[in-house]
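Since the structure comes first, as structure tokens, the remarks are kept for the end.
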Amino acid sequence: MNLDFSDEQKQLRDQVRRFLGENCPPSVVRNILEGEPHHDAGLYRGLAELGVLGAAIPEEYGGVGLGHLELCVVAEELGRVLAPVPVASSIYLTAECLMQAGSEAQKSEWLPQLAAGEAIGCFALNEGRGRMRAEKVSARFENGKLTGVKAPVADGAIADVAIVAAREAEGVTLCLVDLKADGVSREALESIDPTRAQTRLSFDGVPASRIGGAGDGWHIASQVMDRAAILIGFEQLGGADRALEMARDYALERMAFGRQIGSFQAIKHMLADMYVSATLARSNCYYGAWALATSAAELPVAAATARVSATTAFQHCAKNNIQTHGGMGFTWEYDCHLYYRRSNALALALGSLSTWESLLIERMSAGNVDAAA
């Protein structure tokens with residue numbers, strides 16, 4: 001049994017890593033933090049030209065038609081450099097939702113634009129704090145018009161199209177909305193990581209089209225969120241690995257009392273714990289990648305497992321990277337805080353860690369009941 005990526009997928013990883021190494025140094029991330037636009041448009045265009053945005057999108061819709069395993073490879077590399085681009089919102093969520101439930105007309109119109117980086121998508125599910133459930137959806141979809149407020153919405157400030165969860169008589173429905181239409185307003189929200197900007201989207205009788213059947217929205221959204229959880233898990237995995245590398249390198253070069261600080265037992269233990277956490281996350285993310293690529297029945301459990309372990313690993317490694325750097329780790333000049341910001345932003349990207357822990361318990365318990373029956 002081969003549990004590793006293929007040679008071709010590793011070559012893709014090397015190619016993407018070289019591209020990002022040349023085009024996405026830490027200064028690109030810092031430019032966003034220091035007041036530049038919400039994302040690096042040039043970097044996003046470059047990723048589109050490289051073909052990575054369309055990695056999992058079929059060729060008939062303007063994609064490359066590789067598959068989700070290749071998209072997992074790309075996601076890990078984006079996470080390593082904290083790429084300030086809306087790939088998660090536009091590709092993992094919007095494009096994935098269209099591929100899963102969109103009509104032929106919707107897919108033909110939007111997937112080629114998303115794959116080419118000509119349009120940016122966002123996924124508007126949340127309405128305030130706490131675990132989002134179907135009964136909390138208050139936005140309304142009536143007579144082809146959408147009314148309501150969604151917040152927070154990642155990349156909502158720069159998106160051209162949104163997929164919005166709204167309520168109609170049959171239940172929760174997903175709607176496709178052109179954000180350039182009249183009746184759409186946007187309000188920026190403060191967040192710990194401006195490179196993944198959050199927005200409040202308000203809709204006042206905005207024309208929209210249904211994705212999937214009436215009342216099927218929550219089921220579709222749950223499936224899309226599971227698939228996105230694995231891809232974002234790979235971003236978190238890439239960030240965790242890079243934070244560990246930063247801590248290791250600093251521990252080997254920093255001298256104290258005539259010795260490398262990496263020779264002190266407390267630092268050794270800290271680095272070992274980071275390595276264990278990142279390695280466990282990698283195992284669970286690889287399991288999730290298999291389930292995603294094969295649409296296996298185990299996908300819901302695999303997604304929740306990958307999400308929980310990857311979130312824990314990235315937050316753990318980002319925090320201890322700062323700790324390893326000591327007082328220098330808390331300064332603006334060092335890059336440690338960039339990874340700490342992103343780790344906390346991604347921890348909430350699809351719902352909190354406690355939400356996914358609850359989902360994992362619920363899904364494993366349901367599986368045990370089915371097995372016993």
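So here's what we get for this one:
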{"quantity": "Qualifying position, being farther than 25 Å from Ala105 by Cα, surrounded by fewer than 20 Cβ atoms within 10 Å (Cβ to Cβ) and modelled with pLDDT of 95 or more, among Pro37, Pro26, Pro58", "calculated": "Pro26"}
{"quantity": "Count of residues meeting criterion [assigned to a loop (DSSP other than H, G, I, E, B) and open to solvent by less than 10 Å² (accessible area, probe 1.4 Å)] in region 104-122", "calculated": "1"}
{"quantity": "Output for region 196-223, where each listed residue is within 24 Å of Gly79 (Cα to Cα) and either touching a Leu at 6+ places or on another chain (Cβ under 7 Å) or modelled with pLDDT of 95 or more (or both)", "calculated": "Gln198, Thr199, Ala221, Ser222, Gln223"}
{"quantity": "Cβ pairs under 9 Å, 6+ apart, first in region 275-296 and farther than 25 Å from Ile57 by Cα and of a type in the set (Ser, Thr, Tyr), second open to solvent by 50 Å² or more (accessible area, probe 1.4 Å) and not in a helix (DSSP H, G or I)", "calculated": "Ser283/Leu3"}
{"quantity": "Count of region 148-171 residues which are open to solvent by 20 Å² or more (accessible area, probe 1.4 Å) and touching a Gly at 6+ places or on another chain (Cβ under 6 Å)", "calculated": "1"}
{"quantity": "Residue list for region 172-208, filter: in contact with a helix residue (DSSP H, G or I) (Cβ under 7 Å, 6 or more places away or on another chain) and either assigned to a strand (DSSP E or B) or surrounded by 16 or more Cβ atoms within 10 Å (Cβ to Cβ) (or both)", "calculated": "Val172, Thr173, Leu174, Leu176, Ser191, Asp193, Pro194, Thr195, Arg196"}
{"quantity": "Any hit, region 67-78, residues being over 30 Å from Ser6 (Cα atoms) and open to solvent by 40 Å² or more (accessible area, probe 1.4 Å)", "calculated": "no"}
{"quantity": "Check on Phe19, crowded, with 16+ Cβ neighbours inside 10 Å, of a type in the set (Phe, Trp, Tyr) and modelled with pLDDT of 95 or more", "calculated": "yes"}
{"quantity": "Members of region 282-341 found to be among the aromatic types (Phe, Trp, Tyr), open to solvent by 10 Å² or more (accessible area, probe 1.4 Å) and in contact with a helix residue (DSSP H, G or I) (Cβ under 8 Å, 6 or more places away or on another chain), listed by number", "calculated": "Tyr287, Trp290, Phe330, Tyr334, Tyr339, Tyr340"}
{"quantity": "Those residues of region 134-162 which are under 20 Å from the mean Cα position of the chain (by Cα) and under 25 Å from Ser354 (Cα atoms), in sequence order", "calculated": "Lys150, Ala151, Pro152, Val153, Ala154, Asp155, Gly156"}
{"quantity": "Residue match in region 261-271 (condition: in contact (Cβ under 8 Å) with a residue 40 or more places away in the chain, within 25 Å of Glu77 (Cβ to Cβ) and either touching a Pro at 6+ places or on another chain (Cβ under 6 Å) or open to solvent by less than 10 Å² (accessible area, probe 1.4 Å) (or both))", "calculated": "no"}
{"quantity": "Subset of region 123-135 [closer than 19 Å to His219 by Cβ and either open to solvent by less than 70 Å² (accessible area, probe 1.4 Å) or assigned to a loop (DSSP other than H, G, I, E, B) (or both)]", "calculated": "Phe123, Ala124, Leu125, Asn126, Glu127, Arg131, Met132, Arg133, Ala134"}
{"quantity": "Selection from region 238-260 of residues that are open to solvent by less than 40 Å² (accessible area, probe 1.4 Å) and either part of a loop (DSSP other than H, G, I, E, B) or modelled with pLDDT of 95 or more (or both)", "calculated": "Gly238, Gly239, Ala240, Asp241, Ala243, Leu244, Met246, Ala247, Tyr250, Ala251"}
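Yes or no, residue by residue, for (1) closer than 17 Å to Glu235 by Cβ; (2) at pLDDT 95 or above:
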position: Ala272; (1), (2): no, yes
position: Ala306; (1), (2): yes, yes
position: Gln315; (1), (2): yes, yes
position: Gly326; (1), (2): no, no
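For (1) more than 22 Å from the chain's Cα centre (by Cα); (2) farther than 19 Å from Leu3 by Cα, each residue gets a yes or a no:
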| site | (1), (2) |
| --- | --- |
| Asp226 | no, yes |
| Ile232 | no, yes |
| Gly238 | no, no |
| Glu253 | yes, yes |
| Leu280 | no, no |
| Cys285 | no, no |
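Per-residue answers, yes or no, for (1) of a type in the set (Ser, Thr, Tyr); (2) modelled with pLDDT of 95 or more; (3) touching a helix residue (DSSP H, G or I) at 6+ places or on another chain (Cβ under 8 Å); (4) open to solvent by 10 Å² or more (accessible area, probe 1.4 Å):
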site: Arg45; (1), (2), (3), (4): no, yes, no, yes
site: Leu53; (1), (2), (3), (4): no, yes, yes, no
site: Leu93; (1), (2), (3), (4): no, yes, yes, yes
site: Met99; (1), (2), (3), (4): no, yes, yes, yes
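The values are calculated or read from the model by the stated rules, or taken from the named source; none is laboratory data. The shown structure was predicted, so the numbers you read here are calculated from the model rather than taken from an experiment. No Cβ is skipped: glycine too gets one built from the backbone with ideal geometry, and neighbour counts run over all protein chains shown. With ligands, DNA and RNA removed, areas are computed over all heavy atoms of the protein, side chains included. Shrake-Rupley method; radii C 1.70, N 1.55, O 1.52, S 1.80 Å.
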